[in-house]
1. Suppose R0 equals 41 Å; then what is the FRET efficiency for residue 52 and residue 72 from their Cβ-Cβ distance, rounded to the nearest 0.05?
2. Positive end of the charge dipole of the chain (Lys, Arg +1 and Asp, Glu -1 on Cβ, about the Cα centre): tell me which of 100, 36, 24 has its Cα farthest that way.
3. By how many nm would the segment from residue 45 to residue 167 lengthen if fully extended, with 0.36 nm per residue of separation less the alpha-carbon distance?
4. Is any residue of the stretch 85-100 close enough, with backbone N under 13 Å, to a label point placed 7 angstrom from the Cα of residue 174 along the Cα-Cβ axis, and if so, which?
5. Using only Cα atoms, locate the centre of the stretch 23-86 and the centre of the stretch 96-165, then give the distance between them in Å, rounded to an integer.
6. Need one word for the stretch 108-194: rounded, prolate or oblate. Basis is the Cα gyration tensor (sqrt eigenvalues a ≥ b ≥ c); a/c below 1.5 gives rounded, then a/b vs b/c decides.
7. Taking Cα atoms, how many degrees apart are the long axis of helix 2-12 and the longest axis of the chain, rounded to 10 and kept between 0 and 90?
8. Compute, for the stretch 28-170, the length of the dipole vector about the Cα centre, with Cβ point charges of +1 (Lys, Arg) and -1 (Asp, Glu) only. Units Debye, rounded to 20.
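Nothing in this text is a laboratory measurement; each read-out follows from the coordinates by a stated rule. In this text, all values refer to a predicted model and were calculated from it rather than measured experimentally. When we count neighbours, we look across all protein chains shown, and the Cβ atoms used for this are built from the backbone with ideal geometry, even at glycine.
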Amino acid sequence: MKALETFDVFTKTAASLDWLAGEIKEGAVREFVKNARDLAGIYADEAALQRMNPNRVMYRVRWIEPALPGSEGGLFWGVTIIEPGQVGDEYFMTHGHFHANRTRAEFYGTAHGTGMLVLMNKERKTWTEPMKPGSLHYVRGEYAHRVANTGDKPLAFWACWPTDAGYDYEAILLRGFGARLRCRDGKPVLINND
Ligand code: F6R
Ligand code: MN
């Protein structure tokens, strides 16, 4: 009966959004915040990361869970806000992950700001899709995904993903993506990493 209870809670506290601001105004909102210290091993220039204030907020994720994590058939809804900035010549970006369940896809939709969605298939082929207000991105279940903020203002994007997608951060921590998005003459360029 647990799923039903969760559903009841959700219907009583249904969420309200400010779509363009990328804000969940009301609802049982969960949050995780990634500080500089949480992103060790992600950037090529680890020394540049170490020189930063370890408490510096790089990005935050806020989401609602109208169904139980791991349950089949449900969806989560959330927003990620990435601060502007660089670590060495790489932009502030999400850790990046595969879904633990490689059959589970996801939508990303940009609220404000500009960035790049970096995608990688299982053969490590890596490519990007530009993100700008209104851009909608379908992430296939078998693709690793990461977002970099290439602008000088915060980047906010909505996401909708299955309750049983899960996260596989391990694969990215071990080998990263097949290419890195680096700032070259003020522009983002995807550069082979393998
Ligand atoms: C959920 C999803 C997003 C990310 C968020 C932060 O499947 O893709 O909600 O979790 O953008 O990125 P990570 O999780 O890679 O730190
Ligand atoms: Mn995901």
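1. 0.50
2. With unit charges placed on the Cβ atoms, the residue in question is 36.
3. Working: separation 122, 0.36 × 122 = 43.92 nm, distance 2.49 nm.
This chain segment gains 41.4 nm when fully extended.
4. Residues 98 fall inside that zone.
5. Each part reduced to its Cα centre gives a spacing of 13 Å.
6. Details: a/c = 2.05, a/b = 1.08, b/c = 1.90.
Oblate, since a/c reaches 1.5 and b/c is not below a/b.
7. Rounded to the nearest ten degrees, it is 90.
8. Details: 16 positive and 17 negative charges, 35 e Å.
Magnitude of the dipole: close to 160 debye.
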